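Single-structure report; data block below.
We did not get these values from a lab; they are worked out from the coordinates using the rules stated. What you are looking at is a predicted structure, and each value in this text was computed from that prediction instead of being measured. Neighbour counts run over all protein chains shown; Cβ positions are idealised from the backbone, glycine included.
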Amino acid sequence: MRIFALIILAPALVGCGTLQTRTGTSIVKVLPHFLDAFGNHSDGPTLLHRDVYQDKLRKNPDLAHAVRYDVNWSGAGGITLILELRSADIRQFVERTEIKKIDKNHDGKLSDKDEPNEEELKSIHEKYRKEIKTFFRGLPADGHLDLGTMTLVVVKNPESHWVTILIDHEIYEIFGQPESWRVALWRGEEPDPVAEQKSFLW
């Protein structure tokens, strides 16, 4: 009986020790959580409740109203964390609304600060006007849409080792269900990230 108990407990002890022995700068985990109309990512207290509910939201996009990325990283400070998201809906949105016509700096990027004025919007079909303004007004803080790669980019300077990035209902309605994501940690002007995690389809 004692041997059986040790076998069961051993994996748990190893898992608990992972963070304590981790060295350098790394991404411990990225937890993408779909949220329902009430902002809940689970319908019960256990991890099993969470996993089953997440699967339900993923398979029924009409039930998902937002998505939240909880990122746990380890290492020293001076790090910039960048989340990149792609979806089929955003590619269609860019093409449908002709957003590329209002890329002021011709750098493939359009942020909430670059929102076009009324004069520039006259060249775009009237039925898309509200949709475009809503999208860029609703961008997360430090977020922009990279038109070259059709990617939503959110930049954070972490103040702790847990970073939460919310794509709220307003932006999620237009962006749609993310089909792929990447989280990377950058330091200074280094040409490559010091750590990254990405989804299977990235």
Q | Residue order, fewest to most surrounding Cβ atoms within 10 angstrom, among LEU201, LEU185 | A | LEU201, LEU185
Q | FRET E, pair ASP36, GLN92, Förster distance 30 Å, beta-carbon r, rounded to 0.05 | A | 0.75
Q.
Given the DSSP H assignment, sum -39500 (n - 2.57) over each helix run of at least 4 residues in the chain and divide by its residue total; what's the result at 222 nm in deg cm²/dmol, nearest 500?
A. -9500 deg cm²/dmol
Q: Please provide three numbers in whole Å: the alpha-carbon extents of the chain along the principal axes, with the largest listed first.
A: 76, 41, 26
(Q) Only counting other Cβ atoms within 10 Å, I'd like ASP51, ASP114 sorted with the fewest neighbours first. (A) ASP51, ASP114
Q) Which of the trypsin sites (Lys or Arg not before Pro) found in the range 110-192 are loop residues per DSSP with 13 or fewer other Cβ atoms within 10 Å of their Cβ? A) LYS122
**Q.** Exposure proxy ranking, count of Cβ atoms within 10 Å, fewest first, for ASP89, ASP55, ASP70
**A.** ASP55, ASP70, ASP89
Q) Given 0.36 nm per residue, what is the gain on full extension from ASP70 to THR164 after removing their alpha carbon distance, in nm? A) 33.4 nm
Q: Mind checking which lysines have their Cα closer than 27 Å to the Cα of LYS56? Skip sequence neighbours fewer than 8 apart in that chain.
A: LYS29, LYS198
(Q) Suppose every Lys and Arg Cβ carries +1 and every Asp and Glu Cβ carries -1, with no other charges. What dipole size does the chain come out with about its Cα centre, to the nearest 20 debye? (A) 600
Q: On a C-alpha basis, how far is the centre of the range 41-65 from the centre of the range 148-180 in Å? Whole number, if you could?
A: 19
Q. What percent does the relative contact order of the range 75-202 come to when contacts are Cα pairs within less than 8 Å and at least six residues apart?
A. 39
Q: Could you name the lysines whose alpha carbon sits less than 21 Å from that of LYS109, not counting residues in the same chain fewer than 8 places away?
A: LYS100, LYS101, LYS122, LYS130, LYS133, LYS156
